[in-house]
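A.B. asks: Structure incoming, see below.
Bear in mind that the values in this text are calculations on the coordinates, not laboratory data. Quick caveat: nothing in here was measured; it's all calculated off a predicted structure. Note: ideal-geometry Cβ built from the backbone for every residue, glycine included; neighbour counts use all protein chains shown.
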Amino acid sequence: MTVAFSRPEVPGDRGDQQAITDASLDGAITASGVSMASVPDLAAGRGPDWLEQSLTRSVSDVVAWRRHIHANPELSNREYGTTELVESVLRSLGLRPTVLSGGTGVVCDIGSGDTCVALRADMDALPITEATGLPFASSVDGVAHACGHDAHTAILMATAMALTAAPELPVKVRLIFQPAEEVMHGGALDVISEGWLDGVDRIFALHCAPHLPVGTIGSRTGAVTSAADLVTLRLSSPGGHTARPHLTADLVHALGTVVTGLPGVLSRRVDPRSGTVLTWGSVHAGDAPNTVPEHGSLLGTLRTADREVWRELEPLVASAVEALVAPTGVELDFDYRRGVPPVVCDEDSTAQLRAGAAAALGSDALVDIEQSSGGEDFGWYLEHVPGAFARLGVWPGHGPVRDIHQGTFELDERALLVGVRTLVHTVLAS
């Protein structure tokens with residue numbers, strides 16, 4: 001297998017290499033096939049013969065793909081090597097993938113029919129230094145797959161391999177390998193704007209869950225994640241001596257007023273049942289203890305579990321901030337960036353995904369989950385079509401839970417085939 005690179009070097013983009021070659025896969029993929037050791041299939045024998053045969057053949061492939069992507073992480077909108085790897089594998093299956101106009105991300109249809117089910121995997125890594133010590137740890141300084149997107153991508157690639165082996169499918173399947181989930185504006189909006197959600201009847205996705213044991217699938221009807229927006233304030237003042245604050249505009253006092261006052265306003269203006277939480281992550285102003293600074297900034301995230309509340313937050317926050325700052329005399333530059341809506345799974349789609357997971361793994365594998373306060377741009381898809389988003393257990397069942405978005409995050413690779421089986425059976429349940 002050879003996948004050519006043609007992009008300039010940027011952080012997270014292996015532009016210093018000319019190609020992903022057999023040798024660069026550290027012996028995992030060779031001219032004669034896959035040489036990497038496989039992992040146990042926790043649900044072996046539960047599927048139709050064509051699926052069992054496909055997974056027996058591809059178990060080493062999915063592990064090799066995941067480890068290669070993990071060792072070569074790429075930041076949001078820079079997933080060039082991952083895109084080319086995915087495209088190459090899909091073409092080897094006789095499929096006709098399309099790369100998104102930005103050069104990263106792949107969409108590909110399998111089968112035909114009046115009904116179309118989409119399966120989505122995100123591809124990007126995080127600006128985090130890996131600290132796992134794994135033999136296939138990140139080879140890119142300061143960039144790591146600390147959210148499981150390497151596994152998501154490999155699972156969907158293996159799902160494509162399995163679905164192409166099916167004698168027939170009940171629906172057309174659209175594979176969406178999405179770039180840039182980790183940033184605002186998220187890659188889901190690019191997929192939608194390029195028309196790849198047109199004609200889709202339902203959409204499904206899995207996400208690694210380090211708090212759930214491997215072999216389980218967590219789901220719920222309704223909101224699974226929360227909306228997440230970014231609030232930025234930049235304040236300015238004439239500055240002055242702290243001995244004479246009445247002769248200037250006290251910028252630090254204004255910052256403090258907003259830091260403590262805005263959460264209080266929201267607690268009285270927003271339904272407390274909505275799970276709305278404002279958290280400040282950065283406060284900065286001045287350096288000297290006896291000087292009123294001229295400039296300061298305040299950054300935070302505002303999250304809510306309620307879709308309708310989310311739509312009303314921006315004007316409410318803008319008016320509250322203006323009212324809090326106005327009496328201080330400080331000048332204000334306010335920026336509110338809407339991030340992502342909550343992921344809200346409808347009842348029918350959740351039932352279909354649960355039926356697929358039960359057929360793939362057994363009913364004991366199904367677990368109920370609570371809504372997370374984290375954000376996920378899969379919510380943009382569900383603003384247009386119904387669908388469901390489930391948690392894929394990746395904890396081995398012993399040892400510490402290593403959470404996502406940390407340099408120590410690890411996953412049990414037995415979850416890879418669990419994910420493939422769940423997606424395939426979700427399609428078959430259509």
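A.B. asks: Which order do the peptides 342-350, 271-279 take when ranked by the mean count of other beta-carbon atoms within 10 Å per residue, highest first?
C.D. replies: 342-350, 271-279
A.B. asks: Got the relative contact order for segment 224-378 handy, in percent, Cα pairs under 8 Å and 6 or more residues apart?
C.D. replies: Computed over segment 224-378, the figure is 40 percent.
A.B. asks: Another question about this same structure. Take peptides 76-83, 326-333 and line them up by average Cβ neighbours within 10 Å, highest first, as a rough protection proxy. Intermediate values should be presented prior to the final figure.
C.D. replies: Working: 76-83: 25.5, 326-333: 14.4.
Result, highest mean Cβ count within 10 Å first: 76-83, 326-333.
A.B. asks: Could I ask something else about it? Under a crude label model (7 Å from the Cα following the beta-carbon direction), how far is GLU383 from LEU93 in nanometres?
C.D. replies: It works out to 3.0 nm between the two label points.
A.B. asks: For the chain, what does the relative contact order come out to in percent, with C-alpha contacts under 8 Å and a separation of six or more?
C.D. replies: Normalised by residue count, the contact order of the chain is 21 percent.
A.B. asks: Next question, about the same structure. About its Cα centre, how strong a charge dipole does segment 228-340 have in debye, to the nearest 20, once Lys and Arg get +1 and Asp and Glu get -1 at the Cβ?
C.D. replies: It works out to roughly 280 debye.
A.B. asks: Only Lys, Arg, Asp and Glu count, each charged at its Cβ (+1, +1, -1, -1), so figure out the dipole size of the chain about its Cα centre, rounded to 20 debye. Numbers along the way, then the final one.
C.D. replies: Details: 29 positive and 53 negative charges, 100 e Å.
Roughly 480 debye for the chain.
A.B. asks: Given 0.36 nm per residue, what is the gain on full extension from ILE192 to SER101 after removing their alpha carbon distance, in nm? Numbers along the way, then the final one.
C.D. replies: Numbers: separation 91, 0.36 × 91 = 32.76 nm, distance 1.21 nm.
31.6 nm is the gain from fully extending ILE192 to SER101.
A.B. asks: If packing is taken as the average number of other Cβ atoms within 10 Å across a peptide's residues, how do 221-234, 247-260 rank, most packed first? Please report the intermediate quantities before stating the final value.
C.D. replies: Values: 221-234: 20.9, 247-260: 18.4.
Those peptides, ordered most packed to least, come out 221-234, 247-260.
A.B. asks: What do the square roots of 5 times the Cα gyration tensor eigenvalues come to for the chain, in whole Å, largest first, as semi-axes of the equivalent ellipsoid?
C.D. replies: Its equivalent ellipsoid spans semi-axes of 43, 25, 19 Å.
A.B. asks: In degrees between 0 and 90, to the nearest 10, how far off the longest principal axis of the chain does helix 80-92 point, with axes built from Cα atoms?
C.D. replies: With rounding to tens, the tilt is 20 degrees.
A.B. asks: Ratio of Rg to Rh for segment 228-340, alpha carbon only, Kirkwood?
C.D. replies: Over the Cα atoms of segment 228-340, Rg/Rh equals 1.02.
A.B. asks: Right, next: Compute a Gaussian network model of the chain, connecting alpha carbons closer than 10 Å, and tell me which residue from GLY407, GLY142, GLY399 fluctuates the most.
C.D. replies: For the chain, modelled as a Gaussian network with Cα springs under 10 Å, the answer is GLY399.
A.B. asks: Starting from 0.36 nm per residue, how many nanometres of slack lie between SER282 and SER319 once their C-alpha separation is accounted for? Don't skip to the answer; put the middle values down first.
C.D. replies: On the way: separation 37, 0.36 × 37 = 13.32 nm, distance 2.12 nm.
Working it through step by step, the gained length comes to 11.2 nm.
A.B. asks: Charges on Cβ only, +1 for Lys and Arg, -1 for Asp and Glu, centred on the Cα centroid of the chain; of LEU299, HIS185, ALA429, which one is farthest towards the dipole's positive end?
C.D. replies: Going by the Cα projections, it comes out as ALA429.
A.B. asks: Given only helices, namely DSSP H runs of n ≥ 4 each adding -39500 (n - 2.57), what is the per-residue ellipticity at 222 nm of the chain, to the nearest 500 deg cm²/dmol?
C.D. replies: -10000 deg cm²/dmol
A.B. asks: Right, another one. Pairing the Cα long axis of helix 149-164 with the longest principal axis of the chain, what angle in degrees results, from 0 to 90 and rounded to the nearest 10?
C.D. replies: Computed tilt is about 30 degrees.
A.B. asks: Work out the length of the dipole vector of segment 178-255 about its Cα centre, built from +1 on the beta-carbon of each Lys and Arg and -1 on the beta-carbon of each Asp and Glu, and round it to the nearest 20 debye.
C.D. replies: 440 debye
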